[in-house]
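Trainee: Below you will find the structure I want to go over with you.
Read the figures in this text as sums done on the coordinates, not as results from a lab. Remember, it's a predicted structure, so these values are computed and weren't measured experimentally. As a convention, Cβ positions derive from the backbone with ideal geometry for all residues, glycine included, and neighbour counts pool all protein chains shown.
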Amino acid sequence: MQKKTKLSGRFWAALAVFSFIGQVAWVVENMYFNVFIYKMFHAGPGDISTMVAASAVAATLTTLLVGALSDKVGKRKIFICLGYLLWGVSIWCFAWIRSDVIRRLFPAASAASVGVSLVIIMDCVMTFFGSSANDACFNAWLTDSTDSTNRGAAEGVNAMMPLIAVLAVFGGFMGFDLNRSDAWVTIFTIIGAAVCAVGVLGVFLIREPARRAGEKQSYFRNIFYGFRPSVMRRNRILYVALLAYAIFGIAIQIFMPYLILYYNVSLAMDNYVLVMAPAILIAAIITAFYGKLYDRAGFRAAILPSAAMLILGCLCLFLFRRVPLVFAGSLLMLTGDLTGMAVFGAILRDYTPEGRAGQFQGLRIVSQVLIPMVIGPAAGARILRSAAKVVNDDGTSSFIPNGKIFLASAVAALVMIPVLLWIFRLQKKEKRHED
């Protein structure tokens with residue numbers, strides 16, 4: 001067996017800090033922007049789907065352009081640190097998207113309609129800075145800084161951060177009344193300041209990986225490098241893994257934009273944080289160690305349990321509404337989600353061509369963000385078109401999410417199984433050739 005390469009304490013500190021704060025920002029966007037426009041501007045499922053899809057397109061284009069640029073320049077650190085600073089500023093700008101401000105600026109327009117439009121536009125702006133710093137360059141830095149002997153362990157820590165971030169955000173938001181505009185002002189100010197602070201910290205913490213700038217590489221050719229048929233033929237396992245990851249992501253995104261609303265509105269769980277927190281903590285602990293299973297036993301042994309947990313968790317949430325069973329379903333679903341992300345992240349890094357990490361971050365985002373966040377929320381919105389509605393105090397109506405989104409997610413996850421079998425066959429064939 002190949003001797004494991006030891007990673008430094010400085011690497012682990014940088015990974016933990018940048019991954020955690022980055023995921024806190026993404027959690028606020030992916031899970032609470034939906035709540036923000038729902039509660040502040042009475043957005044419908046179509047508005048939420050549009051916002052998620054627009055953000056996914058912005059993330060994909062940004063990651064393609066900036067990822068290739070960071071390969072061309074041969075630097076990651078400057079993009080990460082400056083990107084986090086601007087990311088934090090853009091988050092703080094949401095504190096100014098309020099009905100009272102909108103009425104002063106647009107007295108003849110509907111505050112709700114303008115508010116939804118402004119949130120969608122600013123979400124794309126925020127996503128540009130976040131994807132530049134995190135999706136494109138931080139993830140490329142992580143690939144550059146690890147190898148096949150330690151990637152699963154590093155990816156396990158990286159993949160558990162979304163749940164740790166969810167736990168932190170849930171706990172932090174418990175003290176706020178999310179029906180009040182001033183609560184959101186405080187939230188966006190705090191999160192924005194934290195992201196800015198990490199950008200400054202990165203100047204002292206991040207060590208630039210040893211790599212050369214791609215002086216002889218054409219920037220525009222690099223942008224489309226991963227889409228060339230010849231590259232696809234040479235890296236077949238990578239592209240089939242990207243396909244499987246996209247289907248996995250669609251299954252998650254069918255319900256994820258509506259998850260908190262389902263707990264809070266449909267199940268009337270005012271204390272959903274107290275129910276979710278233990279599930280999140282347990283899933284995060286499992287995920288932290290789960291990446292080592294990939295290092296020891298490989299993709300097949302690691303991904304099948306993840307897929308099974310995701311499917312069983314979604315079926316449980318579809319069938320049951322009692323708190324203990326909702327907890328069990330949430331635990332299975334979250335563990336399947338996070339361990340699956342760790343396994344897919346590791347296999348994608350293992351099969352990324354050396355020296356091309358920045359360019360392939362765009363492809364990863366197509367698979368992880370663009371396809372899932374366009375198809376998944378749209379499918380969820382279609383399912384919820386006939387959902388029951390509740391009339392608000394101002395006479396407007398809001399939809400009530402139902403459990404059908406979890407059944408659809410389980411079905412989508414089952415579609416992934418034939419693609420996984422394809423990957424297993426390709427890996428087996430590759431191993432025979434090596435032997």
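Trainee: Mind listing the phi-derived Karplus ³J(HN,Hα) values for the stretch 104-120, rounded to whole Hz, using 6.51, -1.76 and 1.60 with θ = phi - 60°, and x for any glycine or proline?
Mentor: For the stretch 104-120, the Karplus curve yields 6, 7, 10, x, 8, 9, 6, 4, 5, 5, 5, x, 4, 5, 5, 4, 5 Hz.
Trainee: Let me ask another. What is the chain's relative contact order, in percent, from Cα pairs under 8 angstrom and six or more apart in sequence?
Mentor: On the way: 680 pairs, mean separation 121.9, N = 435.
Normalised by residue count, the contact order of the chain is 28 percent.
Trainee: At 7 Å along the Cα-to-beta-carbon direction for both Ser386 and Ala308, put a label point, then send me their distance in nm to one decimal.
Mentor: Here the modelled spin labels are 3.5 nm apart.
Trainee: What is the gain in length, in nm to one decimal, between His433 and Phe176 on full extension, counting 0.36 nm per residue of separation less the C-alpha to C-alpha distance? Don't skip to the end; give the middle numbers.
Mentor: Numbers: separation 257, 0.36 × 257 = 92.52 nm, distance 5.87 nm.
Once the chain is fully extended between His433 and Phe176, it gains 86.6 nm.
Trainee: To continue, here is another question. Structure shown: which of Lys77/Lys431; Lys6/Lys292; Lys75/Lys428; Lys39/Lys404; Lys72/Lys428; Lys75/Lys431 lie over 26 Å apart, alpha-carbon to alpha-carbon?
Mentor: On the way: Lys77/Lys431 36 Å; Lys6/Lys292 14 Å; Lys75/Lys428 36 Å; Lys39/Lys404 22 Å; Lys72/Lys428 35 Å; Lys75/Lys431 34 Å.
Pairs exceeding the cut-off: Lys77/Lys431; Lys75/Lys428; Lys72/Lys428; Lys75/Lys431.
Trainee: In addition: Do any trypsin sites (Lys or Arg not before Pro) in the stretch 287-348 lie in a loop, going by DSSP, with at most 16 other beta-carbon atoms within 10 Å of their beta carbon, and if so which? Provide the component values of the computation, followed by the final result.
Mentor: Working: sites: Lys292, Arg296, Arg300, Arg321, Arg322; in loops: Arg321, Arg322.
The qualifying sites are Arg321, Arg322.
Trainee: Calculate the FRET efficiency for Val89 and Glu208 from the Cβ-Cβ distance with a Förster distance of 25 Å, rounded to the nearest 0.05. Each step should come with its number before you reach the end.
Mentor: Numbers: r = 24 Å, r/R0 = 0.97.
Calculated transfer efficiency: 0.55.
Trainee: List the equivalent ellipsoid semi-axes of the chain in whole Å, largest first, each obtained as the square root of 5λ for an eigenvalue λ of the Cα gyration tensor. Each step should come with its number before you reach the end.
Mentor: Details: eigenvalues 235, 134, 78 Å².
Its equivalent ellipsoid spans semi-axes of 34, 26, 20 Å.
Trainee: For the chain, find the longest principal axis of its Cα atoms and tell me its angle to the long axis of helix 9-27, 0 to 90°, nearest 10.
Mentor: Between the helix axis and the principal axis of the chain, the angle is about 30 degrees.
Trainee: Please list 3J(HN,Hα) in residue order for the stretch 196-207, calculated via the Karplus relation 6.51 cos²θ - 1.76 cosθ + 1.60 where θ = phi - 60°; whole Hz, with x for glycine and proline.
Mentor: Working through the residues one at a time gives 4, 4, 5, x, 5, 4, x, 4, 9, 9, 7, 9 Hz.
Trainee: Multiplying the sequence separation of Ala16 and Arg233 by 0.36 nm and subtracting their Cα-Cα distance, what value in nm do you get?
Mentor: Extending this stretch completely gives an extra 74.6 nm.
Trainee: So how tilted is helix 77-92 from the main axis of the chain? Cα-based, degrees 0 to 90, rounded to 10.
Mentor: The angle comes out at about 10 degrees.
Trainee: Moving on to the next point. Can you list residues from other chains, or at least 5 along the same chain, whose modelled amide H is less than 5 Å from the amide H of Ala43?
Mentor: Tyr38
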